Amino acid sequence: MHSLTRAALAVVLSLAAACTSSGPRPETVLASGQAGPSSLASDGTFLYWTNRSGGEVMRLPLAGGTPERRASGLSQPQGIVLGSTDLYWANPGDQSVLKVPLAGGEPTPVATHQSDPGDVAVAAGYVFWSNKSGTMMKAAVSSGAASAVSDQTSGPGDVATNATHVFWTNADGSIRRAPLGGGPEELLARGDQNATSLALDETHVYWTTFFGSIHRVPLAGGTLEKLAEGESHPRSIAVDGSFLYWAAGSKDGTIRRMARSGGKPETFAAEQAEPTGITIDSGSLYWVNEAGGTVVRAPR
């Protein structure tokens with residue numbers, strides 16, 4: 001009897017280890033076999049993502065199911081964002097920004113002949129995007145002509161919006177913003193070189209740098225805080241009411257998190273294959289593994 005109890009206990013421990021071996025929380029792979037998934041977005045019903053190497057825009061119910069193509073034959077799509085009626089993304093391979101109706105249809109251009117478009121955001125009737133080799137740009141969602149948000153060539157990267165401003169990172173490590181409806185660009189902070197992913201909450205701008213640090217600054221500018229350093233190429237940052245989350249590392253990557261006010265970072269999920277493209281809903285964190293070709297969910 002004693003030996004049977006030990007055997008049963010060993011089985012239970014083995015199963016528990018199998019459930020948690022890739023991180024401290026159980027993960028669910030919602031989709032696999034994707035071709036270089038990168039950017040990720042959600043409307044509360046569906047997940048949408050770009051397959052950069054596969055040239056596709058995909059969607060999947062949050063509850064799971066079979067992924068379906070919303071667009072194909074694209075050129076390195078990335079930087080996906082949802083508007084009220086359309087889905088937008090950048091196509092750096094052919095220097096364009098495209099959109100497709102959420103209800104389905106054929107992609108149409110928002111802008112062409114752009115200078116290495118990278119990330120996109122939507123707010124106040126405009127779609128904004130970063131031309132990494134040029135300037136921040138915008139166009140009316142009703143197919144308006146593209147125009148520069150700023151006349152400064154600054155190497156913009158990641159983009160985010162709130163009710164009043166568009167914010168972006170720059171290759172020189174600075175964080176900038178401009179009013180949604182037009183107006184002068186403002187320099188909020190100068191940080192480490194190679195500022196990458198950007199996220200906003202109600203009081204601060206948060207961003208990562210390629211060389212391993214996490215920063216924040218008040219939305220209107222002010223004291224720059226370094227919240228963490230020594231991280232493994234952090235990117236794709238997201239924020240909720242309590243935590244910052246980011247993707248880190250490459251083929252042996254992790255999802256990391258820390259209190260949004262600062263503290264010691266911890267591993268949320270390990271053994272990921274080039275994780276990127278994080279998004280959050282009320283109960284779960286979602287991300288894509290670019291090298292692994294998977295879309296993953298884990299409870300927060």
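For this structure, a couple of remarks:
- Shape category assigned to segment 217-300 from the gyration tensor of Cα positions, a/c cut at 1.5: prolate
- Overall shape of segment 57-120 was characterised from the C-alpha gyration tensor. The equivalent ellipsoid obtained from it has semi-axes of 21, 12, 10 Å, in decreasing order.
- For the chain, the per residue solvent-accessible surface stands at 42 Å², with DNA, RNA and ligands left out and a 1.4 Å probe.
- Calculated mean residue ellipticity, 222 nm, the chain: -2000 deg cm²/dmol, from DSSP H runs (n ≥ 4) at -39500 (n - 2.57) each, averaged per residue and rounded to 500.
- Long-range tail of P(r) for the chain (Cα pairs > 26 Å, %): 44 percent
- Each of Ser213, His233, Pro265 was placed along the dipole of segment 166-288 (beta-carbon charges, centred on the mean Cα), and the one lying farthest toward the positive end is Ser213.
- Rounded, prolate or oblate (a/c below 1.5 giving rounded, otherwise prolate when a/b exceeds b/c) for segment 253-294 by Cα gyration tensor: oblate
- GNM top mover of Ser232, Ser84, Ser154 - the chain, alpha-carbon springs below 10 Å: Ser84
- Between Ala228 and Ile214, the built amide H atoms are under 5 Å apart, and every one of these is 5 or more places off in sequence or on another chain.
- When the solvent-accessible area of the chain is split by element, carbon and sulfur atoms take up 52 percent of it, the probe being 1.4 Å.
- For Ser143, the shell of other residues with beta-carbons less than 15 Å away shows a net charge of 0, using +1 for Lys and Arg and -1 for Asp and Glu.
- Three-way shape label, segment 86-141, alpha-carbon gyration tensor, a/c 1.5: oblate
- Dipole of the chain [Lys/Arg +1, Asp/Glu -1 at C-beta], most positive-end residue of Asn51, Leu180, Pro109: Asn51
- Counted by Cβ distance under 11 Å from Ala273, the other residues give a net charge of -3, where Lys and Arg count +1 and Asp and Glu count -1.
- Length-normalised contact order of segment 128-176 in % [C-alpha pairs under 8 Å, at least 6 apart]: 30 percent
- With all pairs of separate Cα atoms included, segment 155-195 yields a Kirkwood hydrodynamic radius of 10.2 Å.
- Alpha-carbon geometry of segment 147-300: the Rg and the Dmax are 15.2, 45 Å, given in that order.
- Over all other residues within a Cβ to Cβ distance under 14 Å of Lys251, the charged ones net out to -4, with Lys and Arg as +1 and Asp and Glu as -1.
- Counting only protein chain heavy atoms and rolling a 1.4 Å probe, the accessible areas of Ser236, Ser133 rank, largest first, as Ser133, Ser236.
- Net charge dipole, segment 244-300: roughly 260 debye, given to the nearest 20, about the Cα centre with Cβ charges of +1 for Lys and Arg and -1 for Asp and Glu.
- Each Lys and Arg contributes +1 and each Asp and Glu -1, all at the Cβ; summed about the Cα centre of the chain, the dipole is approximately 500 debye.
- Take every pair of alpha-carbon atoms less than 8 Å apart whose residues are at least six positions apart; their mean separation over the length of the chain yields a relative contact order of 13 percent.
The values are calculated or read from the model by the stated rules, or taken from the named source; none is laboratory data. Just so we're clear, the structure is a prediction, and the values are computed from it rather than from any experiment. Glycine gets a Cβ as well: all are built from the backbone with ideal geometry, and neighbour counts include every protein chain shown. For accessibility, only protein heavy atoms count, side chains too; no ligands or nucleic acids. Shrake-Rupley method; radii C 1.70, N 1.55, O 1.52, S 1.80 Å.
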